[in-house]
1. Which members of region 31-42 meet the condition of being within 16 Å of the ligand (Cβ to nearest atom) and surrounded by fewer than 17 Cβ atoms within 10 Å (Cβ to Cβ)?
2. Quick check on my filter: what residues within region 1-57 are among the charged types (D, E, K, R), under 24 Å from V193 (Cβ atoms), touching a residue at least 40 places away in the same chain (Cβ under 8 Å) and not in a loop (DSSP other than H, G, I, E, B)?
3. Could you identify the single residue in G33, G102, G112, G98 that is over 14 Å from N159 (Cα atoms) and modelled with pLDDT of 95 or more?
4. Quick check on my filter: what residues within region 52-81 are open to solvent by less than 50 Å² (accessible area, probe 1.4 Å) and hydrophobic (A, V, I, L, M, F, W, C)?
5. Quick one: how many residues across region 1-30 are more than 12 Å from the ligand (Cβ to nearest atom) and closer than 21 Å to A120 by Cα?
6. Has region 13-30 got any residue that is touching a Lys or Arg at 6+ places or on another chain (Cβ under 6 Å), surrounded by 22 or more Cβ atoms within 10 Å (Cβ to Cβ) and more than 18 Å from L155 (Cα to Cα)?
7. What number of residues within region 58-84 satisfy the criterion of being within 15 Å of the chain's Cα centre (by Cα), closer than 20 Å to G194 by Cβ and not hydroxyl-bearing (S, T, Y)?
Amino acid sequence: MSRLVPILDNGHGGMIGGVYQTAGKRSPKWELGTLYEGMFNRWIVNGIIEQLDIMAIPYYHVSPEPRDVSLGTRCDRANTIHSKDPNTYLLSIHANIGGGKGTGIEGFTSTGATASDRIAELFLCNIENDMCNERMRFDYYSDGDRDKERDYRVLTGTNGPALLMELGFMDHPSDYKKLWDKWHRQELINSLVGSIDQLYNE
Ligand SMILES: [Zn+2]
């Protein structure tokens, strides 16, 4: 039993009284309306939390408030948790923007071989198998695993393993429709929960 426990992070602010709390970080205003990234990220993290509660799998959450908790604060919270409970890893949930051209799912760890790589590989391998109609923007060839490596603050500012998932592009017409689709989101949530379950129970 590896008993690894996720520290969940929904990137960016959410909605307060119908007002999105973060500048930018949204889709174009197309036929289904504006998809605000922080709102979408909460839909996913809240769906994960619902299943983890039912499965009695523990978790932490560094950004439960609807306000936009800064990256520094989210890193500090994750590091405080990790210092008390070292068997934890950060899972930061996002949706992407790609100038209208990008499409698909990708996952990032910090650069170099780290403890994050094994965890990221499990999430990305599972999501590739679970969502077989989705385009995966994986980096198979540079170092043999699926993650891309980028020094995002939430990845380098946290002391434990950390993975950032981008679940689709808000400004790509077909990704935009999928991100609004409840059943598509449920498939994403189910895959992420499956990986969390494996890291805790296997
Ligand atoms: Zn984001």
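1. Once the filter is applied, which keeps residues that are within 16 Å of the ligand (Cβ to nearest atom) and surrounded by fewer than 17 Cβ atoms within 10 Å (Cβ to Cβ), region 31-42 yields only T34.
2. Matches in region 1-57: D9, E37.
3. It is G33.
4. L52, I57, V62, V69, C75, A78, I81
5. Qualifying residue count, region 1-30: 8.
6. Yes, that holds for at least one residue.
7. 1
To keep it simple, each residue is scored yes or no on (1) farther than 26 Å from M136 by Cβ; (2) touching a Pro at 6+ places or on another chain (Cβ under 8 Å); (3) among the hydrophobic types (A, V, I, L, M, F, W, C).
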| residue | (1), (2), (3) |
| --- | --- |
| I44 | no, no, yes |
| Q51 | no, no, no |
| S70 | yes, no, no |
| A78 | yes, no, yes |
| L90 | no, yes, yes |
| I93 | no, no, yes |
| K101 | no, no, no |
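The values are calculated or read from the model by the stated rules, or taken from the named source; none is laboratory data. Just so you know, these numbers come straight off a predicted model, no measurement behind them. Note that each Cβ is placed from the backbone with ideal geometry, even for glycine, and that neighbours are counted across all protein chains shown. Ligands, DNA and RNA are excluded from the accessible area calculation, which covers all protein heavy atoms including side chains. Shrake-Rupley method; radii C 1.70, N 1.55, O 1.52, S 1.80 Å.
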